[in-house]
Amino acid sequence: MKGQNKPVVLSVANQKGGVGKTTTAVNLSVALAQNKKRVILVDLDAQSNSSSLFCPKEIEALSSIHSVFQNKKNLSELLQETRIEGLKIVVAHRQLAELEATLAGSPDGFFRLQDSLKTDGIQDEQTGLPFDFIILDCPPNLGLITVNSFISSDFLLIPLQAAKFSMDGLMAILDTLRSIQKRFHASIQVLGALFTMYDHRTVISQAIVDSIKEYIPVFQTRISRSVLVEEAHLTGQTICEYRKKSKTAQDYFHFTKEVIDGIV
Ligand SMILES: Nc1ncnc2c1ncn2[C@@H]1O[C@H](COP(=O)(O)OP(=O)(O)O)[C@@H](O)[C@H]1O
Ligand SMILES: [Mg+2]
């Protein structure tokens, strides 16, 4: 893994909504924590979907990631406990959506998240130990918050659905990635594409996977579609907690193992 005290920072991104970014970010975070990793999940989406799974009560903007983008607080001041041992969350706030314009007009607007990670010696207060992973759940666009996320990250993970237009979306995100790597000398690398809501029975799904593989690595594990995911969310849980023996939860556990093995 990276330097001893530095967490691995991973963006979960795709400009399309509803492709499984949040579901992937939350289940990866839970499964990493269950693998004894110390994890911070950061919700970067104004819709606060991952926040609401771990922090049902509303949290003021000042105690959310909003403060980082406003240069008011560092990430370590914003960590909220979760019910999962080893997992902390930094919640989002609906006001995040209004920040894009402010960030665009400011010279350090691209770097605020990265600055807050750099200046912080982020440690787990209870154990005094550093964190192993920071998982960034990106909004469904390639705006400045996503750019901040890419600039801060070591790796990019792209959840994709095996659908007709997934290739177009992928090209757009890879273009953004390349220009960020070039313009900002950012070290972010693609870790891989993860197929979500996957239907193992259709031939067309496999054909789409094969075409994506020509461009970027694809995780061997594909996340099966199941109504249990929605059911879990309705009860305020992740599928990895709600039905850990289900096929979809097992898929997420296998995928997490691939992530751990892929970056050591
Ligand atoms: N494997 C799955 N099987 C069935 N439904 C899923 C699965 N993964 C995600 N969903 C559902 O699809 C919707 C979009 O997923 P979400 O993770 O919120 O996507 P995004 O963050 O990209 O917008 C949600 O309602 C979620 O419950
Ligand atoms: Mg989401």
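How much length, in nm to one decimal, is gained on full extension between residue 163 and residue 227, taken as 0.36 nm per residue of separation minus their Cα-Cα distance?
Numbers: separation 64, 0.36 × 64 = 23.04 nm, distance 1.88 nm.
Stretched out fully, the residue 163 to residue 227 stretch lengthens by 21.2 nm.
Residue by residue, segment 255-260 carries 3J(HN,Hα) couplings of 4, 4, 5, 4, 5, 4 Hz when phi is fed to the Karplus relation 6.51 cos²θ - 1.76 cosθ + 1.60 (θ = phi - 60°); x denotes Gly or Pro. Calculated mean residue ellipticity, 222 nm, the chain: -11500 deg cm²/dmol, from DSSP H runs (n ≥ 4) at -39500 (n - 2.57) each, averaged per residue and rounded to 500.
Peptides 240-251, 105-116, ordered by how many other C-beta atoms sit within 10 Å of their residues on average, highest first, read 240-251, 105-116.
Using just the C-alpha positions of segment 59-198 as equal point scatterers, what log10 of I(q)/I(0) does the Debye formula give at each q in 0.17 1/Å? For segment 59-198 at q = 0.17 Å⁻¹, log10 I(q)/I(0) is -1.05. The amide H of residue 41, built 1.01 Å from its N in the peptide plane, has 88, 89, 90, 135 as neighbours under 5 Å, considering only residues 5 or more places off or on other chains.
Distances between placed amide hydrogens fall under 5 Å for residue 160 paired with 194, 195, 196, all partners being 5 or more residues away or on another chain. Taking the average, over residues, of other Cβ atoms within 10 Å as the packing measure, peptides 207-215, 11-19 rank 11-19, 207-215 from highest down. In order along segment 209-215, the phi-based Karplus estimate (6.51 cos²θ - 1.76 cosθ + 1.60, θ = phi - 60°) of 3J(HN,Hα) comes to 4, 4, 6, 5, 4, 6, 9 Hz; Gly and Pro are listed as x. Most simply put, the chain has about 10% antiparallel DSSP beta bridges, counting only bridges with both residues inside it. Of the Cα atoms belonging to the chain, the radius of gyration and Dmax stand at 17.3, 51 Å.
Every read-out reported here was derived from the displayed coordinates using simple, explicitly stated rules and does not represent laboratory data. A quick note: this is a predicted structure, and the numbers were derived from the prediction, not measured. Every residue, glycine among them, receives a Cβ derived from its backbone with ideal geometry; neighbour counts consider all protein chains shown.
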